[in-house]
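Remarks on the structure that follows.
The values are calculated or read from the model by the stated rules, or taken from the named source; none is laboratory data. Bear in mind the structure is a predicted one, so any value in this text is a computation, not a measurement. Here the Cβ positions follow ideal geometry from the backbone for every residue, glycine too, while neighbour counts run over all protein chains shown. Please note that ligands, DNA and RNA were not included when accessible areas were found on the heavy atoms of the full protein model with its side chains. Shrake-Rupley method; radii C 1.70, N 1.55, O 1.52, S 1.80 Å.
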Number of protein chains: 2
Amino acid sequence: MVTRESFHNSIKELEEKMKTMSDLAISSLENAFEAFKAKDVELALKVIEEDEVVDDLEIEINHFIIWLMAKEQPVARDLRRIIGALKISSEIERIADFGVNIAKSTIKIGNSHSLVNITSLEKMKDISVIMLQKGLHSFLDGDIKLAEEVGKLDDEVDDYSSEAYKTITGYLKEHPEETDQLVQLLLINRYLERTADHITNIAESAAYLIKGQMYDLNS
Amino acid sequence: MVTRESFHNSIKELEEKMKTMSDLAISSLENAFEAFKAKDVELALKVIEEDEVVDDLEIEINHFIIWLMAKEQPVARDLRRIIGALKISSEIERIADFGVNIAKSTIKIGNSHSLVNITSLEKMKDISVIMLQKGLHSFLDGDIKLAEEVGKLDDEVDDYSSEAYKTITGYLKEHPEETDQLVQLLLINRYLERTADHITNIAESAAYLIKGQMYDLNS
């Protein structure tokens with residue numbers, strides 16, 4: 001059973017890499033939003049720079065998976081697990097990219113001030129961080145309940161997103177002179193909504209592994 | 001050499017499915033943009049409905065790949081080819097989703113008229129369709145030149161996107177009463193720019209397979 005044990009160790013190593021990647025994506029979102037709130041261009045630049053680490057880690061995971069498949073030739077559930085890891089690491093990379101997008105919008109906003117309310121955007125960010133933790137752990141621990149919770153939280157994010165959209169466009173109609181920065185806020189709203197969608201994809205991959213069939217957690 | 005031949009046939013079958021999926025994604029983009037230009041809500045609804053076919057095809061490809069890996073246990077270049085197919089089919093599914101997003105924006109715009117110029121948006125759509133054809137064929141035919149062309153076309157799309165952004169926000173400042181529909185145009189601009197990015201990812205997967213190393217065609 002040496003092979004089985006070495007496979008088990010490789011899976012553990014793969015999962016550790018995924019956890020690191022998820023932590024980095026959460027830092028990206030948190031720091032980008034902090035930079036956005038504080039109009040901190042330095043911090044925004046740091047988020048953009050550090051995204052390279054996530055990109056490199058995704059490539060590393062891809063190579064690791066190809067090596068693992070060639071070496072162990074996994075079948076059935078093991079194979080589905082590895083393909084799940086491949087898909088999830090690609091989703092996490094995209095989530096970190098949304099942090100980069102928020103950071104870029106922050107830089108575009110620069111020092112311009114606006115009185116528009118951004119509470120809904122902050123809620124979306126907070127919920128997304130919780131969703132990512134739950135989504136990854138539903139995959140790692142095979143916990144279908146966590147995957148379902150992610151689906152419910154995605155609905156909450158969608159509601160906050162509609163609210164943010166109304167608030168920002170309503171404000172824009174009264175303040176066309178603030179168009180440039182308000183458009184950036186609309187984009188940030190979009191990035192956060194998409195972040196939650198990609199996390200929902202992670203939970204769907206987890207549910208697929210657990211239940212052995214495709215789940216649509218958006219419906 | 002029965003195994004090798006059966007593997008070769010399976011790969012051909014997989015590639016046919018990818019071509020079908022790519023054709024459907026192109027139809028999604030073309031029809032969505034046609035609906036947008038003509039304010040044709042019926043056609044927009046059709047785009048949204050037909051996306052299910054693309055989603056089902058992605059699931060079918062996923063299952064086919066898992067079956068193929070379990071059956072043939074491919075290694076080295078064969079394995080990289082199959083993982084490339086898995087990644088590319090996921091990108092094509094997302095590209096079709098951008099067609100859906102444009103269709104949804106079209107429905108939100110409804111009958112409201114605007115005099116803002118949308119030439120740059122149409123250019124972006126036209127170039128994206130060419131990019132997708134080149135990107136897929138660079139993978140299927142192992143043609144690195146096509147992959148590099150995709151990278152260059154992506155730069156063109158980015159330029160048109162900046163132009164569209166300036167045109168629309170400039171117009172918005174003068175016409176705040178058109179905020180709702182102009183915001184939808186800004187989102188369509190974003191969807192098209194992202195479409196081109198995802199197609200660039202396809203070309204990068206192709207280049208990875210051809211050259212055996214990661215390429216960043218965005219830089």
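At a glance:
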quantity	calculated
Members of the range A:1-35 that are open to solvent by 60 Å² or more (accessible area, probe 1.4 Å) and more than 17 Å from residue A:135 (Cα to Cα)	A:1, A:2, A:3, A:4, A:5, A:8, A:9, A:12, A:13, A:30, A:34
Matching entry among B:186, B:192 (being over 14 Å from residue A:169 (Cβ atoms), of a type in the set (A, V, I, L, M, F, W, C) and assigned to a helix (DSSP H, G or I))	B:192
Candidate set: the range B:36-75, residues that are β-branched (Val, Ile, Thr) and either more than 14 Å from every other protein chain (Cβ to nearest Cβ) or within 18 Å of residue B:20 (Cα to Cα) (or both); chosen: the one most open to solvent (accessible area, probe 1.4 Å)	B:53
Number of the exception - residue A:112 against (1) open to solvent by 10 Å² or more (accessible area, probe 1.4 Å); (2) more than 13 Å from chain B (Cβ to nearest Cβ); (3) in a helix (DSSP H, G or I)	(3)
Subset of the range A:76-96 that is touching an Asp or Glu at 6+ places or on another chain (Cβ under 9 Å) and not β-branched (Val, Ile, Thr) - its residue that is farthest from the other protein chains (Cβ to nearest Cβ)	A:96
Answer from B:121, B:86 - the residue that is in a helix (DSSP H, G or I) and under 18 Å from residue B:210 (Cα atoms)	B:86
Qualifying positions in the range B:76-89 - under 19 Å from the mean Cα position of the chain (by Cα) and open to solvent by 20 Å² or more (accessible area, probe 1.4 Å)	B:87
Evaluation of residue B:101 against (1) in a helix (DSSP H, G or I); (2) away from chain A (no Cβ under 14 Å) (one fails), failing number	(2)
Pairs where the first residue, in the range A:1-20, is farther than 22 Å from residue A:92 by Cβ and the second is surrounded by 10 or more Cβ atoms within 10 Å (Cβ to Cβ), C-beta under 9 Å, 6+ apart	A:3/A:72; A:6/A:71; A:6/A:72; A:7/A:68; A:7/A:71; A:7/A:72; A:7/A:74; A:7/A:78
